[in-house]
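K.L.:
Structure in structure tokens, see below.
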Amino acid sequence: MYNILIGGAAGQGIDTAVGILEKLLKKSGYFVYTTRDFMSRVRGGHNFSVIRFGDEIITSHIDHFDGIIALNGETIILHKDKLNENGFILCDNKILTDEPKAIKLDMDKMAQELGNIRVAGSIAIGAVLKLFGENLDHVEEVMKSSVKQPYLEINIEAINLGFGSVDERFKHIDGNFSNWIMLSGSKSLALGAIAAGLKFYSAYPMSPSTTIMEYLASKSVDAQLVVEQAEDEIAAINMAIGASFAGARAMTGTSGGGFCLKVEALGLAGIAEIPLVVVDVQRPGPATGLPTRTEQSDLKFVISAAQGEFPRMVIALRNHKDAFYQTIRAFSIAEKYQIPVIILSDQYLGDSTASVEPFDLESITMDEPKVSEEDYANYLRYRFTEDGISPRLIPGKTKNFVAADSDEHDERGWITESAKMRVDMMDKRMKKLIKLEEELLEPDFIGGESCEVLIVGWGSTYGPIAEAIRVLNQKEEGKYGALVFGDIYPLPKKLLEKMASSAKKVINVEQNATGQLAGLIREETGIQCSHSILKYDGRQISGEEIVKELLGGDMND
Amino acid sequence: MTNNNFQKYETAWCPGCGNFSILDCLKTALEELEKDPYEVLMVAGIGQAAKTPQYISANSFCGLHGRSLPAAVAAKIANEKLTVIVNTGDGDSYGEGGNHFIHNIRRNVDITHFVHDNQIYGLTKGQASPTSGEGQVTEVQTTGNINTPLNPVLMAIAAGAGFVARAFSGDREHLVRIMKQAILHKGYAIVDILQPCISFNKVNTFTYYKNRVYHIEDDYDPTNKIMAIERAMEFDDKIPIGVIYQEEKQTYHEKNKVLCEGEPLLDRKIDMNVIKKFISELK
């Protein structure tokens, strides 16, 4: 398994180079896992991406490198200490450094001689391919999909030139992942939404959620869906609710700050029983916080957001595969129960790319609204039923009137202040949770069945936790286990209660300062986590960091 | 069509409220246009005017205060076969919903927006609204309203609306005519309807409006924007009512590459082959 870092200032073309390199590595058979660390600026600063690749499934980034591709001097200063023994630093020879591990190439001059200074990045790509024992078989194919036709030939030449200017340093490893797909968490989520029949997406641009809107917009004509950039976050969610009410499957997406603005309308979807999917790609708050970085600190907010009480579901995405399938499930549950379903992603998952087994479209099932003959005869939009789910018709599609009201209402949807009707209608809505709880997915279990130490986590820390458990159990077989929640609200309790009863220690690993999952678990089950590993510096915890934390201090008593 | 398609219901408005005639005129307009009530969607926010959808036989969406327009335009985007009509007040449309007012003019989705403008907050019992006159004393503006009133007609023309009209709840025949024109207009149409609030606005009374409004002349050219702006600014001793500005503009549906042809959005099916293509692009 190899790990390389590509760093420089914003605007130096890191994204483009990384995009090309990860495709080439994937085509060569590797499993590829790329994480992105960037500042909230368009020019300057220090940005970097880390590409980890190998012949086995990778679920976490690591913080030491076989190679550093430095587009500026700062990259060398900041990361050289993390270079492995036989690692290299590839840089242009005008960067002043006396690092013995530096491979200096006159890339800018070579690019100028080729006729375009901007192909220096491709020279570096060529050099990296050679350093890792790759061949040039996939270069033409990948470049065709990555650069515009007039620049194709010169970029291929540049890769060849770079390839010929260094010697092989690492051996190529044969992997079986060339037929897998590679995509970011946000793209996977967007693709899941399309597969679920999304017809209307409204959002206001907000990092790190904007990638979802961009991908959907790029596919809107082919996929026959409307993407609307709203004037504000409040408009975005009210539009999604209006579209859904009128029969078009709808979603809105944002990050925490935007979610704050959407909160009142979340309650509207709740009381009017309109299916809705809301995505929160979390970033560190409060307020503007760290706009381009990662955190898991919106859990307690979204499970209680909006005044009053109404049924909702919250699903945390654990990895790129989850992002696709759980998004489809979010739509299905929203339709079936006529509730808002909130998807929690975060910057780490949303912006990172990973290899994923091609999605199985045959396995997709969607719950569609069920309306009986009897319902048509005497239509009541909010009819009292055994499971609390009422017959939902689409306005204009039948000779029945469909009403929605943010006021408390009766079975017809008409405003009421009757005390009895209020209680009956509240009970009807809340009753939907009983059925929903039956179909909750228990958390994923990783590790030893009769573990002494039980880790609990949720969402995107899944990958780092999984890597940590693998490493730890190699040392002490079966001692460690982990439960990582995807469905998180309502909280599935069965497996947690079973595992926690036999473990000696329960430790929560979370990307926030207060241990929000631990709090939710305590509230719902009375189970108390004995220790916490909490990180809230805006950078995702790695498998290695979790191992280090677990083996150090009083946690290993 | 019979005259009772849109039916009568018991209302919660004060006797003498301008809302009664606006509601009656709306029903008449819809009936005269031979609209099928099952294909009409009434949308409102919250407020006295926003109760309108509850008193008419049609589909209804009573959402959040200030948020009627986003829900209404999206419903129209989802199903263009619906006749989407928004009835809501001056606070809802120009205060809490001010941002949506500006930007939905730009979108130009084919919906009709009737603003019941009584220049006061009714449901919350008499505070200044965005259109309240300067100096008006209320329970909150105890020393008189110090804010300049918004001129929504002027604002709508400036923002690029394709149909802008002013009407008066006390002139029923005229109101029905304007409502019909607004509903028939292709694109976003706004009618600012002056109406008395007999409980909370003692300044802008029925008589106040009655003595000031006059019908715009038959030879007035509503396509002349400069003239329209002049008429829109006339809001003092004389208030012109009628279609102040009208312009044929491409609608949202005509401009949108997905909506410009084909079935209504909600009837379009997902093609799994398209998704397979998207997936293979990621290989």
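K.L.:
Residue A:457: within 27 Å of the chain's Cα centre (by Cα) and either at pLDDT below 95 or part of a helix (DSSP H, G or I) (or both), yes or no?
P.N.:
Against the criterion (within 27 Å of the chain's Cα centre (by Cα) and either at pLDDT below 95 or part of a helix (DSSP H, G or I) (or both)), residue A:457 does not qualify.
K.L.:
Just the residues that are facing chain B (nearest Cβ under 7 Å), in contact (Cβ under 8 Å) with a residue 24 or more places away in the chain and assigned to a helix (DSSP H, G or I), please, taken from segment A:187-232.
P.N.:
Selection gives A:191, A:194, A:195, A:219, A:223.
K.L.:
I've got another one for you. Based on this model, can you work out whether residue A:62 counts as part of a loop (DSSP other than H, G, I, E, B), under 29 Å from the mean Cα position of the chain (by Cα) and surrounded by 14 or more Cβ atoms within 10 Å (Cβ to Cβ)?
P.N.:
Spelling it out, residue A:62 is indeed part of a loop (DSSP other than H, G, I, E, B), under 29 Å from the mean Cα position of the chain (by Cα) and surrounded by 14 or more Cβ atoms within 10 Å (Cβ to Cβ).
K.L.:
Regarding residue A:546, is this residue touching a residue at least 40 places away in the same chain (Cβ under 8 Å), buried (at least 23 other Cβ atoms within 10 Å of the Cβ) and closer than 30 Å to residue A:341 by Cα?
P.N.:
no
K.L.:
Would it be correct to say that residue B:97 is away from chain A (no Cβ under 14 Å) and within 30 Å of residue A:251 (Cα to Cα)?
P.N.:
So residue B:97 fails the test.
K.L.:
Here's something else I'd like to know. When you scan segment A:9-34, how many residues do you find that are surrounded by 22 or more Cβ atoms within 10 Å (Cβ to Cβ) and in a strand (DSSP E or B)?
P.N.:
Total satisfying the criteria: 4.
K.L.:
Return the residue satisfying two criteria in turn: it lies in segment A:374-401 and is in contact (Cβ under 8 Å) with a residue 12 or more places away in the chain and among the polar types (S, T, N, Q), and of such residues it is farthest from the other protein chains (Cβ to nearest Cβ).
P.N.:
Here the answer is A:385.
K.L.:
Quick one: residue A:363 ticks every box in (1) farther than 30 Å from residue A:50 by Cα; (2) small (Gly, Ala, Ser); (3) at pLDDT 95 or above except a single one, so which number is it?
P.N.:
Looking at each condition in turn, residue A:363 falls short on (3).
K.L.:
Now a separate question. Quick one: in segment B:209-223, of everything that is touching a strand residue (DSSP E or B) at 6+ places or on another chain (Cβ under 9 Å) and farther than 10 Å from residue B:239 by Cβ, which residue is surrounded by the most Cβ atoms within 10 Å (Cβ to Cβ)?
P.N.:
Across segment B:209-223, the extreme among qualifying residues is B:222.
K.L.:
Scan segment A:163-172 and tell me whether some residue there is over 30 Å from residue A:238 (Cβ atoms), in a helix (DSSP H, G or I) and either within 14 Å of chain B (Cβ to nearest Cβ) or more than 19 Å from the chain's Cα centre (by Cα) (or both).
P.N.:
Yes.
K.L.:
Might you check whether a residue that is assigned to a loop (DSSP other than H, G, I, E, B), surrounded by fewer than 24 Cβ atoms within 10 Å (Cβ to Cβ), hydrophobic (A, V, I, L, M, F, W, C) and within 14 Å of chain B (Cβ to nearest Cβ) occurs anywhere in segment A:353-364?
P.N.:
yes
K.L.:
Would you be able to say whether some residue in segment A:306-322 is assigned to a helix (DSSP H, G or I) and buried (at least 24 other Cβ atoms within 10 Å of the Cβ)?
P.N.:
Checked against the condition, which is being assigned to a helix (DSSP H, G or I) and buried (at least 24 other Cβ atoms within 10 Å of the Cβ), segment A:306-322 yields at least one hit.
K.L.:
A further question on this structure: If you go through segment B:11-19 one residue at a time, do you hit one that is touching a strand residue (DSSP E or B) at 6+ places or on another chain (Cβ under 8 Å) and either among the hydrophobic types (A, V, I, L, M, F, W, C) or in contact (Cβ under 8 Å) with a residue 40 or more places away in the chain (or both)?
P.N.:
Yes, because at least one residue in segment B:11-19 is touching a strand residue (DSSP E or B) at 6+ places or on another chain (Cβ under 8 Å) and either among the hydrophobic types (A, V, I, L, M, F, W, C) or in contact (Cβ under 8 Å) with a residue 40 or more places away in the chain (or both).
K.L.:
Out of all the residues in segment A:384-400, is one or more part of a helix (DSSP H, G or I) and either on the phi < 0 side of the Ramachandran plot or not assigned by TED's automatic domain parsing to the domain that holds residue A:284 (or both)?
P.N.:
No, segment A:384-400 contains no residue that is part of a helix (DSSP H, G or I) and either on the phi < 0 side of the Ramachandran plot or not assigned by TED's automatic domain parsing to the domain that holds residue A:284 (or both).
K.L.:
On to the next question. Checking the conditions here, which among B:81, B:76 is within 9 Å of chain A (Cβ to nearest Cβ) and either of a type in the set (Asp, Glu) or assigned to a loop (DSSP other than H, G, I, E, B) (or both)?
P.N.:
Just one listed residue meets the conditions, B:81.
K.L.:
A follow-up question, please. Kindly indicate whether residue B:11 is away from every other protein chain (no Cβ under 11 Å), closer than 19 Å to residue A:405 by Cα, at pLDDT below 95 and more than 15 Å from the chain's Cα centre (by Cα).
P.N.:
So residue B:11 fits the description; yes.
K.L.:
Let me ask something else about it. Can you tell me which residue among A:287, A:265, A:269, A:236 is outside any helix (DSSP H, G or I) and of a type in the set (A, V, I, L, M)?
P.N.:
Unique residue meeting the criteria: A:287.
K.L.:
If you go through segment A:35-55 one residue at a time, how many are under 22 Å from the mean Cα position of the chain (by Cα) and in a strand (DSSP E or B)?
P.N.:
Residues in segment A:35-55 being under 22 Å from the mean Cα position of the chain (by Cα) and in a strand (DSSP E or B): 11 in total.
K.L.:
Scan segment A:471-496 for residues that are without any contact (Cβ under 8 Å) to a residue 24 or more places away in the chain and in a helix (DSSP H, G or I) and jot them down.
P.N.:
Of everything in segment A:471-496, those that are without any contact (Cβ under 8 Å) to a residue 24 or more places away in the chain and in a helix (DSSP H, G or I) turn out to be A:474, A:475.
K.L.:
Specify which of the listed residues (B:238, B:269) is more than 9 Å from chain A (Cβ to nearest Cβ) and of a type in the set (Lys, Arg).
P.N.:
Answer to the check: B:238.
K.L.:
Name the pairs: first residue in segment A:436-454 and in contact (Cβ under 8 Å) with a residue 60 or more places away in the chain and crowded, with 19+ Cβ neighbours inside 10 Å, second residue in a loop (DSSP other than H, G, I, E, B) and not basic (Lys, Arg), Cβ to Cβ under 9 Å, at least 6 apart or on different chains?
P.N.:
A:436/A:311; A:436/A:339; A:436/A:490; A:453/A:503
K.L.:
While we're here: State yes or no: is residue A:236 under 30 Å from residue A:401 (Cβ atoms) and crowded, with 24+ Cβ neighbours inside 10 Å?
P.N.:
When the stated conditions are applied, residue A:236 passes them.
K.L.:
Considering segment B:34-72 alone, what residues qualify as being within 16 Å of residue A:399 (Cβ to Cβ) and among the hydroxyl-bearing types (Ser, Thr, Tyr)?
P.N.:
The answer is B:38, B:57, B:60.
K.L.:
Continuing with the same structure: Name every residue in segment B:56-70 that is buried (at least 24 other Cβ atoms within 10 Å of the Cβ) and more than 7 Å from chain A (Cβ to nearest Cβ), in order of residue number.
P.N.:
Passing the criteria: B:66, B:68, B:69.
K.L.:
Then there's this: Only one of these conditions is not met by residue A:381: (1) closer than 30 Å to residue A:40 by Cα; (2) surrounded by 19 or more Cβ atoms within 10 Å (Cβ to Cβ). Which number is it?
P.N.:
(1)
K.L.:
Select, from B:110, B:90, the only residue that is touching a Pro at 6+ places or on another chain (Cβ under 9 Å), closer than 30 Å to residue B:226 by Cβ and in contact (Cβ under 8 Å) with a residue 60 or more places away in the chain.
P.N.:
B:90
K.L.:
Residues to consider are A:101, A:94; find the one that is in contact with a Leu (Cβ under 9 Å, 6 or more places away or on another chain), surrounded by fewer than 18 Cβ atoms within 10 Å (Cβ to Cβ), more than 16 Å from residue A:163 (Cβ to Cβ) and not aromatic (Phe, Trp, Tyr).
P.N.:
It is A:101.
K.L.:
Looking for something within 23 Å of the chain's Cα centre (by Cα), within 28 Å of residue A:58 (Cβ to Cβ) and either hydroxyl-bearing (Ser, Thr, Tyr) or in a helix (DSSP H, G or I) (or both) - is there at least one such residue anywhere in segment A:497-512?
P.N.:
No - not one qualifying residue is present in segment A:497-512.
K.L.:
Another one. Just one of (1) in a helix (DSSP H, G or I); (2) under 22 Å from residue B:80 (Cβ atoms) trips up residue B:279, so point out which.
P.N.:
Among (1) in a helix (DSSP H, G or I); (2) under 22 Å from residue B:80 (Cβ atoms), the lone unmet condition for residue B:279 is (2).
The values are calculated or read from the model by the stated rules, or taken from the named source; none is laboratory data. Since the model is a prediction, treat every value here as computed from it, not as a measurement. Ideal geometry is used to build each Cβ from the backbone, glycine not excepted, and the neighbour counts take in all protein chains shown.
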